[in-house]
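Note sheet for the following structure.
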């Protein structure tokens with residue numbers, strides 16, 4: 001009897017998920033899994049169960065890269081390339097532990113999905129080679145909220161009488177949670193509310209963004 005289902009594939013145990021994923025990575029070898037790849041759906045669903053999935057997935061998955069492991073060169077090191085071109089490694093073994101996603105995490109995903117056009121527009125405004133606002137280095141850049149995102153989220157729901165959604169749809173391409181049609185008012189109100197925080201954005205390199213997140 002199936003205990004876990006990932007992208008339509010049934011598994012009887014967490015070990016079965018790990019064995020299947022290990023075999024798939026070994027078969028694929030070093031490669032880039034784009035959104036139209038047959039295995040994109042499986043990996044993007046699997047990564048939702050990573051204990052740090054919100055940070056790892058960020059604004060959404062553009063590609064999944066299987067690269068040589070820095071330790072021994074074996075092609076089993078997975079890196080997510082996000083929609084904003086930033087990259088971050090992810091442990092597929094941790095994802096196979098199948099931690100369930102909380103409703104609050106799904107809500108955060110839907111909120112970030114909604115403002116993705118605003119974030120991408122800000123990124124385009126930075127030019128081709130933006131530098132980190134902190135260390136001034138030029139490289140892979142992530143877009144950060146100077147005033148923390150979770151506080152903007154909380155202030156939004158404190159300012160509106162609209163209820164927090166408790167169930168969500170999924171984007172068929174990026175596998176990102178998004179608001180259902182019945183929550184269109186929440187979506188539109190959030191878009192307007194977040195626009196007042198566009199001057200609150202800054203470009204950060206991966207190390208500086210991680211340092212800020214851990215502080």
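The numbers here are math on the coordinates, done by the rules we state, and not lab data. The structure displayed is predicted, hence computed values, not measured ones. In this analysis, Cβ positions are derived from the backbone assuming ideal geometry, glycine residues included, and neighbour counts consider all displayed protein chains.
A few points about this structure:
- The range 87-215: relative contact order as a whole-number percent, Cα under 8 Å and 6+ apart: 37 percent
- Label separation (residue 9 vs residue 147): 4.4 nm, computed from points 7 Å beyond Cα along the C-beta direction.
- The convex hull built on the alpha-carbon positions of the range 34-141 has an orientation-averaged projected area of 8.3 nm².
- Eigen-decomposition of the gyration tensor built on the alpha-carbon atoms of the range 69-121 gives equivalent ellipsoid semi-axes of 27, 19, 5 angstrom, largest listed first.
- The range 32-150, relative contact order in percent, only Cα pairs under 8 angstrom and at least six apart counted: 22 percent
- Multiplying each eigenvalue of the alpha-carbon gyration tensor of the range 1-87 by 5 and taking the square root yields semi-axes of 21, 17, 12 Å, largest first, rounded to whole angstroms.
- Order of 150, 45 - criterion: other Cβ atoms within 10 Å of each residue's Cβ, fewest first: 150, 45
- Highest-fluctuation residue, 199, 21, 170 considered, GNM on the chain with Cα pairs under 10 Å: 199
- Length-normalised contact order for the chain - Cα pairs under 8 Å, 6+ apart - percent: 19 percent
- For the range 103-214, taking the reciprocal of the average inverse distance between every pair of different Cα atoms yields a Kirkwood hydrodynamic radius of 15.1 Å.
- Once Rg and the Kirkwood radius are both taken over the C-alpha atoms of the chain, their ratio Rg/Rh works out to 0.98.
- Theoretical ellipticity at 222 nm over the chain - DSSP helices of four or more residues, -39500 (n - 2.57) apiece, nearest 500: -11500 deg cm²/dmol
- Ordered by the count of other Cβ atoms within 10 Å of each Cβ, fewest first, 144, 38, 154 give 38, 154, 144.
- Across 182, 30, 52, mean-square fluctuation computed from a Gaussian network of the chain (C-alpha pairs under 10 Å connected) peaks at 182.
- Annotation: the range 85-167 has a Kirkwood hydrodynamic radius of 15.7 angstrom, from the mean reciprocal C-alpha pair distance.
- Length added when fully stretched, residue 38-residue 182, from 0.36 nm per residue minus Cα-Cα: 48.7 nm
- Separation between Cα centres of the range 136-151 and the range 1-66, rounded to whole Å: 27 Å
- Ordering 112, 22, 151 by the number of other Cβ atoms within 10 Å of each residue's own Cβ, fewest first, gives 151, 22, 112.
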